[in-house]
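*Asks:* Sharing a structure, written as structure tokens. Questions coming.
Values quoted throughout were computed directly from the atomic coordinates according to the rules given, and no laboratory measurement underlies them. Since the structure is predicted, the reported quantities are computational estimates derived from the model, not experimental observations. So basically every Cβ, Gly included, is an ideal-geometry build from the backbone, and we count neighbours across all protein chains shown.
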Amino acid sequence: MAGVTGRLIRCWCRRAVWGSLKVPALHLHVSKTAMEASQEDFENAMNQATEGSCNTPRPGVFDLINKAKWEAWNALGNLPKETARQNYVDLVSGLSSSSDSSSQGKPEADQKQAGYKTVVMTSEDSITKIMLNRPAKKNALTEQMYQEIILALEAASKDDSAITVLTGNGDYYSSGNDLTNFTNIPPDGVEAKAKNSAILLRDFVGSFIDFPKPLVAVVNGPAVGISVTILGLFDLVYATDRATFHTPFSHLGQTPEGCSSYTFPKIMGPAKAAEMLIFGKKLTAGEACAQGLVTEVFPDSTFQKEVWTRLKAYSKLPQNALRISKQIIRSQEKEKLHAINAKESSILQERWLSSECMNAIMNFFSQKAKL
Ligand SMILES: CCCCC/C=C/CC(=O)SCCNC(=O)CCNC(=O)[C@H](O)C(C)(C)COP(=O)(O)OP(=O)(O)OC[C@H]1O[C@@H](n2cnc3c(N)ncnc32)[C@H](O)[C@@H]1OP(=O)(O)O
């Protein structure tokens, strides 16, 4: 903790608390089919799609395993970001359909998809589950996690599942943005960092706005910050009675994102939305349900069983009808949501450079101030 605090104070002296966001050109050549691809192929494709072309020093001659991995990643060369992402998604989607055909007679088989480091993506019973997987850090969202969730949603949108679920591993759903995202200064400066983070935020929220199938949040515990705001973009939100919903933006010198400046007043009315988004009132699961943010609350002891039984039944409904109904509803205001997302992201880009925001983050790390 002393190291983190010292680093933050040094950053503060330089008027910044930002981390180095990797926004390199992304490169990937995928020539194998999904069935031919190995775990290492998936890892290299994922590296390429999230981190860009090989950017680490070549391992020493005796480090045989890492040297082989490095050479495979390096061999992928240079491709534009969008191509790298698309190639990764094609590889993963291909795996999903080939696995489905090869596992006929074993329809219950849980198809775990390779390559992700911060989320676990599985498909079973026509449901694709994306599970946030940093339980020791309360599933706080790192930059890599935002990027992997974007990729996972893109893959889920193309696989043959009927429903997609986002949930968390461990006692938290998510503690929101990982505050260490703000701790290192990149060589190109704090303003560039803020700009790149705003782009990542806009892309992340945009992938929820555009998601074409029914999207369900299985809120397995407390939720904070952006993990709460994006709930307004889900089709169903099931919560354990242990969950709480907290958007402490003013406490952090920040402002609402995830389209919540629009969706929350619409869902719960302006007064209740203001209490959450401006004054940081934390809601219990029951309160969030009464205000329309949560669809239904379940006792923690039976939460997983009841929710998955419900979702399995829903996933048997005709898939095209599910998808088309979702799209009719979303199409009413998709453009508006994108405009709101862009505006919220651009306002946050400014807020992240403010002394209010920097002080709040330093406070968290130096004093271990809890929300
Ligand atoms: C691309 C950028 C996009 C940005 C989009 C913007 C989004 C805005 C937001 O999301 S605002 C919300 C930000 N979140 C917070 O401020 C939460 C901060 N965390 C806490 O207050 C607490 O950790 C807690 C209340 C969530 C949980 O408290 P508890 O006592 O139960 O647990 P610990 O504090 O001991 O947590 C265990 C370890 O996890 C680390 N951790 C938890 N949350 C975060 C986080 N958001 N960022 C960074 N680290 C987090 C915590 O520091 C502990 O680590 P340690 O074991 O190494 O000490």
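*Asks:* Could you put ASP171, ASP300 in order, starting from the residue whose Cβ has the fewest other Cβ atoms within 10 Å?
*Replies:* Working: ASP171 12, ASP300 15.
Fewest-to-most ranking of ASP171, ASP300: ASP171, ASP300.
*Asks:* To continue, here is another question. Rounded to whole Å, give me the distance from the Cα center of segment 343-363 to that of segment 189-227.
*Replies:* 16 Å
*Asks:* On a 28 Å Cα-Cα criterion, which of the cross-link pairs LYS193/LYS272; LYS213/LYS336; LYS138/LYS195; LYS305/LYS336 come out too long?
*Replies:* Checking Cα-Cα distances, LYS193/LYS272; LYS305/LYS336 exceed 28 Å.
*Asks:* By average Cβ neighbour count within 10 Å, what is the ranking of 219-230, 113-124 from highest down?
*Replies:* 219-230, 113-124
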